[in-house]
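Take a look at the structure set out below.
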Amino acid sequence: MPERDPDDIPTDDPRPDGLRRAASLVVVFTGPGKGKTSAAMGTVLRSVAREWRVAVVQFLKSGRWRTGEEKVCRQLGVDWWAHGEGFTWESEDLDLDRDVAAAAWERARELIVGGEHRLVVLDEVTYPLNWGWIDSTEVLATIRDRPGQVSVVATGRNAPPGLVEVADTVSDIADVKHAYRAGIRAKRGIDF
C-alpha cells in the first residue's frame, strides 16, 4: 500500500452537491479480500438498531456451521436462513448444491417481493449467479423492481456486471494479506 504524506490532510468537503434521500439502497460487497460477510453484518446491526425487520439468506454457508454472526443476529431478532451445502470442493453432489441454491433464491425472492423486511442480505449470492445455478435475469429484475422500502445487500467474490450495475454502492474488498496463506486456520470469533 502506498504511504500517505502525514501533512496531506483533506480540507475540502468531498460530498457532491444536491444530495438527496433514497427510500432504499442496493449494496454489494465483493472482491477477493476477507470481510464481505462481515461488512454485510455491520449493515445488519445498523438496520436492527433502527428497528428494521431484517432477513439474511446464505447461499453457501451451511446451517451446521453455527457462525458467531448467525448466533448474535438470531438473538437480535434477525430472520436467518442458512441454505447452503458448504464448500463446493467438499461436495459429493453438485446437483444437490444447485437445487439448494435455487431454493435459497426462492426464499430470498419471497422476502424481497414480500416487502416486510426493510433489509434483505443475500450472502454469497455471487457464486450461484456466476455458476448459472440461479437465473441472473430474475435475480436482477427482482432486486431492481423490489418494493421501495426494501434495501438489499449482496456479497461474494466476482460480482457479475449486472449486479454491479443495479447496485447503488459497490465495495471491492482487496486481499492484501491473509492468515490462511501463512497456514493459519479460520479462527472462531474472528473468521466465523
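The values are calculated or read from the model by the stated rules, or taken from the named source; none is laboratory data. Predicted, not measured: the structure shown is a model, and the values here were computed from it. Cβ coordinates were reconstructed from backbone atoms using ideal geometry, including for glycine residues, and neighbour counts include every protein chain displayed. We work out accessible area using only protein heavy atoms, side chains counted, and drop any ligands, DNA or RNA first. Shrake-Rupley method; radii C 1.70, N 1.55, O 1.52, S 1.80 Å.
Across region 49-61, the number of residues qualifying as part of a loop (DSSP other than H, G, I, E, B) and more than 27 Å from ARG98 (Cβ to Cβ) comes to 4. Pick out the one residue from ASP175, ASP191 that is modelled with pLDDT under 95 and in contact with a Pro (Cβ under 9 Å, 6 or more places away or on another chain). Residue meeting the stated conditions: ASP175. Within region 142-192, being free of Cβ contacts under 8 Å to residues at least 60 places away in the same chain, assigned to a helix (DSSP H, G or I) and surrounded by 14 or more Cβ atoms within 10 Å (Cβ to Cβ) holds for THR142, GLY162. Checked against (1) surrounded by fewer than 17 Cβ atoms within 10 Å (Cβ to Cβ); (2) modelled with pLDDT of 95 or more, VAL139 meets all criteria but (1).
The set of residues from region 101-113 being among the small types (Gly, Ala, Ser) and touching a strand residue (DSSP E or B) at 6+ places or on another chain (Cβ under 9 Å) comprises ALA101, ALA103, ALA104, ALA108. Checked against (1) part of a helix (DSSP H, G or I); (2) open to solvent by 20 Å² or more (accessible area, probe 1.4 Å); (3) under 26 Å from ARG50 (Cα atoms); (4) touching a residue at least 24 places away in the same chain (Cβ under 8 Å), ILE112 passes all but condition (2).
In the set ARG4, ARG46, only one residue is open to solvent by 20 Å² or more (accessible area, probe 1.4 Å), assigned to a helix (DSSP H, G or I) and charged (D, E, K, R); that residue is ARG46.
The residue pairs whose first member lies in region 1-24 and is farther than 26 Å from ARG144 by Cβ, whose second member is modelled with pLDDT of 85 or more, and whose beta carbons are closer than 7 Å, counting only pairs six or more residues apart or on different chains, are MET1/VAL176. The one condition from (1) under 17 Å from the mean Cα position of the chain (by Cα); (2) open to solvent by 80 Å² or more (accessible area, probe 1.4 Å); (3) aliphatic (A, V, I, L, M) that LEU19 does not meet is (1).
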